[in-house]
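See below for the structure under consideration.
The values are calculated or read from the model by the stated rules, or taken from the named source; none is laboratory data. Only a predicted model underlies this, so the values are computations on that prediction, with no experimental measurement involved. Virtual Cβ from ideal backbone geometry, glycine too; neighbours counted across all protein chains shown. In case anyone asks, the SASA skips ligands and DNA or RNA and just uses the protein heavy atoms, side chains included. Shrake-Rupley method; radii C 1.70, N 1.55, O 1.52, S 1.80 Å.
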Amino acid sequence: FSPNGKGTMKNFVEYTAYLYDQMGNKGMFTTATGSHDEIRMSIHKDEAMIRCIWAFLLTYKNVPFVYYGDEIGMMYRWLPTKEGGYHRTGTRTPMQWDDSKNLGFSTADAEQLYLPVDPNPGNATVAAQEADPDSMLNHIRKVLALRRENADLGAYTDMTVYHAEAGDRLFAVKRGEMLVAVNPSLEEKCLKLDGKYEIVYVFGEAELAEELKVGKQTMAVLKPVK
C-alpha cells in the first residue's frame, strides 16, 4: 500500500485463496488492523495510505478486526518498556476521545495513568473526527455502512479476483456482483469492465466510462446497472 511500493497483491490473493480452500466452511479469514502485540498500522504511513488499507480490509472477504484507536489513526509512540511491553508498549496508550484532560480517557492525574496519552498538538481524537465529515473515522463508517447495506460485501459472499497482476499496483475483486477496485499507487490506473456499472462509493478520484479510471491512492466500489 506504499504509494512508491514495488509489490503486488498477487501473492497475498493466492495465499488467502489457499487458506479458504483449506478451511472450507469451517472457518473464516480474519484481517486485523493491529493488536496489543503489534506496532500500530499508522507508523510510517500517511493518511491516504491508511485509508486505502481500510478500504481493502473492509471490503475483502473476511471478518475485519479493528484495534482501538486505529479508526482515528492513533499514532504509534516509542515509549520505555513497561511490564515486558518492550516495543509493544507504544501501542497500548489510552484511547483519545476528546481534547479534555488526558484526552478524555480519565480524569485522574496524568502520573496515575498506566501509560501517558499522546502529548503532541493536533493528535487525533474521536470528537474532532466526528465533527469532520471527511475524516478517517467517517470514511471508515461509510465503508462499514456500505458493507452492511450490501450483502455482496459481507463475510460469507463469494469473492473472485478481478485484477491482480504482477507489476501492477491496481487491485480489484468481485464480491458477488459488486466490484471493488483499490489503487494505492501515485499513478492513475484504468480497469476494463465486464459490463455496465455505477459508482456507489469512492475515496479519492474515479471516473466511469467504458473503463474505470482509478486515480492515485483511490478506492472505488461499483455495482452493476440492471
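General observations
- Axis angle, to the nearest 10 degrees, between helix 10-23 and the longest C-alpha principal axis of the chain: 90 degrees.
- Cβ crowding within 10 Å averaged over residues, with 88-98, 21-31, 52-62 ranked highest first: 52-62, 88-98, 21-31
- The chain: angle of helix 136-149 to the longest principal axis, Cα-based, in degrees nearest 10: 50
- Separation in nanometres of the label points that stand 7 Å from Cα toward Cβ, at Glu177 and Asp194: 1.4
- Accessible surface for Glu14 stands near 100 Å², nearest 10, in the context of the full protein assembly shown (1.4 Å probe).
- Pairs spanning more than 25 Å between alpha-carbon atoms, out of Lys174/Lys196; Lys45/Lys174; Lys6/Lys26; Lys174/Lys226; Lys26/Lys174; Lys10/Lys226: Lys45/Lys174; Lys6/Lys26; Lys10/Lys226.
- In a fully extended conformation the segment linking Trp78 and Asn120 would gain 13.8 nm over its present Cα-Cα distance, using 0.36 nm per residue.
- Cα centroids of segment 149-168 and segment 40-84: 22 Å apart.
- Extension gain (nm, one decimal) between Leu208 and Tyr156, 0.36 nm per residue minus Cα-Cα: 15.9 nm
- For peptides 156-168, 131-143, 180-192, sequence by mean Cβ density within 10 Å, most packed first: 180-192, 131-143, 156-168
- Semi-axes of the equivalent ellipsoid for segment 91-194, Cα gyration tensor, largest first, Å: 39, 17, 13
- Applying the criteria of a DSSP loop state and at most 16 other Cβ atoms within 10 Å to the GluC sites (Glu not before Pro) of segment 191-226 yields Glu205, Glu210.
- Size descriptors for the chain, from the alpha-carbon set: Rg then Dmax equal 19.2, 61 Å.
- Computed from Cα positions, the angle between helix 47-57 and the longest principal axis of the chain comes to roughly 60 degrees.
- Using a Förster distance of 30 Å, the FRET efficiency for Asp99-Arg148 (Cβ separation, nearest 0.05): 0.45
- Beta bridge orientation in the chain: antiparallel %, DSSP, nearest 5: 90
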